[in-house]
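Below: one structure, written as structure tokens.
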Amino acid sequence: MYIYPLYFSLISFLISSLTGRFIGTKGSCFITTFAIFCCNISSLFIFYEVCLLKVPCYIKMFEWIKVELLEVSWYFLFDPLTAVMLVIITTISVCAHCYSMEYMFGDPHQPRFMAYLSLFTFFMIILVTANSLLQLFVGWEGVGLCSYLLINFWFTRIQANKSAIKAIFLNKISDMGLTVAICIAFFAFKSLNFSFIFMPISWLVNDHILFLGYPISILNIICFCIVIGAMGKSAQIGLHLWLPDAMEGPTPVSSLIHAATMVTAGIFLIIRCSFFFEFATDVTFLILLIGSVTAFFSSTTGVFQNDLKKIIAYSTCSQIGYMIFACGYSGYAISMFHLSNHAFFKALLFLTAGSIIHSFLNDQDIRKMGGLLKILPISYICLFIGSLSLIGFPYTTGFYSKDILLEVSYLIFKEFHYLDSYSMLFIHILYWLSLHSIVFTCIYSIRVLVLTFYNYYNGFLSFLGQIHDVPYIMMFPLIFLSFASIFVGFLSKDMMVGYGSDFWGNSFYIIHYLDYEFNDKVYKLLPLIVSMYSVLIASICYTSFNLQFRLYQLKLHSIYYYVQLFFNKKWYFDKLYNQYFIVFLSNYAYNVPFKLFDRGSIEIFGPFGIAYELKRRIHDISRLESGFLYHYSGILLNVFIFLLFLYFILAFFIDFIYLPH
């Protein structure tokens, strides 16, 4: 039963990819969806046995690598962390497969698309069930490959090609970080198995290596490299550029990437390696900084975007930033709780956005929509529920995890009480930065709802006759995810992060923040107050005609123009990368590796150089054939003198070696 999710997802990929042309579109859709549904049923049984009955499982399949000290077995670990991730991955994957049956209908390559979705699920299952860093790296690379294939699924579109190349390029940077972390971990622990490398950490806290003459803690280096890897996969600031452009792929791909697979892989890695981070105090400040700045950056950028899917993509960056921020103050259980809740309402938002775009003739600009409330009632209800959960409206799924995350973040002042005043001020600023991100999250959520459903229709009149609501096959995943976006947080709150809960066991490092239940009322209610006031103000601003007219006058001001341009251009990260980093890298790659080595040393010492030298020497020798007798006699005399000189030299050395001294 424990291996069934792996088997079913792999069989689904193999059948759809190898026999798709024979079984047809309907056959491949049915087989892949049924196989992933079987994965989901097996995951629920695993969740029941591992999490509820408290029976973790370890399965050793076979030895993979055995070279001196390096022994890596194909070893599967099923603990509560793995069981929860399996339920999330397979549930969202079933919804994406079922949704794709109708969404991709008519595409000539639909069997290949369904095969890629199954392969994506398979590699993510490999990642979360791994019991060693090297086995985890197999799944890590696999999800990167599948993201490239799925983003570039419509390969005839030049923008899809560019987005896929950007995704694979930035993920290779993160892969380098994780590779270095694996190498250093093996150097320090002589093993890559999680059970072996987590036990002796307390004895290696004071171990250092010299780097440029300075001693650096080994654990700090490992954790820093892991953070670099997580930044690329989870699209944190600096390596986030691939995520908004990944919207060029089909919408089911976006829901799977953002809710259950690739984006969550970085968070899973940090939580799995939480025992490292608890002894690497210098890196925790970096995690706090990355998480809070990413949340603020993504939320402010999302307000000024006009592409429906890109707005939801930036909300993913913001929510992942919250999870990273929670890991910075050791709230791994809270981060995982928010990850599980976020998966359902984010999948709902993306799939609903896909149904709106699908019915609106593939136009994604929300400025061209409006007045769709009566035409698309089911899509409106689903988007409304998903937006409320994203905002953190009371008693929705997002409310239970997001509020706890920010409430507990106030307690980090007590955790870091031993720090100096400047460090405390720094942490205080990061807390308020994360809190202000709620304001912008509420603004762009209300903006999407108003511009899409409440405003007057701004599109072409010819579109109105063709707009239709969600087909029945696409409706079932949306209804299920709507209920999950309301009830999952309530049902799992006390189980995962409740007072004295032992749900997670020894899956990762756990600190029970008991004080947050008795926190100061002002700071306990502050996230809710900020959310509700932001929703109220945003609703009034987008529905009141007088306020809209005043905002329009504000837009005409030159200062607002530059502010809007700054946020609409995504803080000019793309410009900085393209004009400076990419240009420098391209010039360096041409002048040094290509021009100096490929066209230089390799061509000189390789076949081209040999052929050129032979041609030049043969040309010089051919010039000796002049037809004059004294030239030939002179050449023979020179050759005779050279051979005679060589004979005397060799005779001298032979006598010198063999004569007794």
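Read-outs: derived from the displayed coordinates by stated rules, not from any lab. On a predicted model such as this, the values are computed, not experimentally measured, just so you know. FYI the Cβ positions are ideal-geometry reconstructions off the backbone, even for glycines, and counts take in every protein chain you see.
The figures follow:
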| quantity | calculated |
| --- | --- |
| Charge dipole (the chain, unit charges on Cβ, about Cα centre) - positive-most of N506, N40, V253 | V253 |
| Long-range Cα-Cα pairs in the range 49-91 (distance over 15 Å), rounded percent | 55 percent |
| I375 paired with Y472, simple spin-label distance in nm, labels 7 Å along Cα-to-beta-carbon | 2.4 nm |
| Where only C-alpha atoms are counted, convex hull volume of the range 280-568 per residue in Å³ | 143 Å³ |
| For peptides 635-642, 319-326, sequence by mean Cβ density within 10 Å, most packed first | 319-326, 635-642 |
| Net lengthening on full extension, L70/K26 (0.36 nm per residue, minus Cα-Cα) | 11.2 nm |
| Normalised alpha carbon radius of gyration of the range 262-342 [divisor 2.2 N^0.38 Å] | 1.12 |
| Mean projected area (nm²) of the alpha-carbon convex hull when the range 383-510 is viewed from all directions | 12.1 nm² |
| Rg/Rg_ref, the range 316-386, where Rg_ref = 2.2 N^0.38 Å and atoms are Cα | 1.42 |
| Residues K346, K54 arranged by fewest to most Cβ contacts within 10 Å | K54, K346 |
| Amide H contacts of F393 (H built 1.01 Å from N, under 5 Å, at least 5 apart or other chain) | F399 |
| Cα-based convex hull volume of the chain per residue, rounded to whole Å³ | 274 Å³ |
| The chain, dipole about Cα centre (Lys/Arg Cβ +1, Asp/Glu Cβ -1), debye to the nearest 20 | 1640 debye |
| Whole-Hz couplings from phi, Karplus 6.51/-1.76/1.60, listed for the range 325-330; x for Gly and Pro | 4, 5, 5, x, 10, 6 |
| Rounded D (µm²/s) - the range 229-276, Kirkwood Rh over Cα pairs, Stokes-Einstein at 37 °C, 0.692 mPa s | 293 µm²/s |
| Estimated FRET transfer efficiency (L134, T543; beta-carbon r; R0 45 Å; 0.05) | 0.20 |
| Per residue, the convex hull volume that the Cα atoms of the range 173-304 enclose (Å³) | 121 Å³ |
| Of K172/K570; K166/K374; K521/K569, those spanning more than 28 Å from alpha-carbon to alpha-carbon | K166/K374; K521/K569 |
| Efficiency of FRET from Cβ geometry, L491 and L525, R₀ 25 Å, rounded to 0.05 | 0.60 |
| Sorted by Cβ neighbour density within 10 Å, fewest at the top, the residues D520, D403 | D520, D403 |
| Translational diffusion coefficient (Stokes-Einstein; Kirkwood radius from C-alpha pairs) of the range 524-583 at 4 °C, 1.567 mPa s, in µm²/s | 90 µm²/s |
| Sorted by Cβ density within 10 Å, fewest first, the residues T251, T441, T543 | T543, T251, T441 |
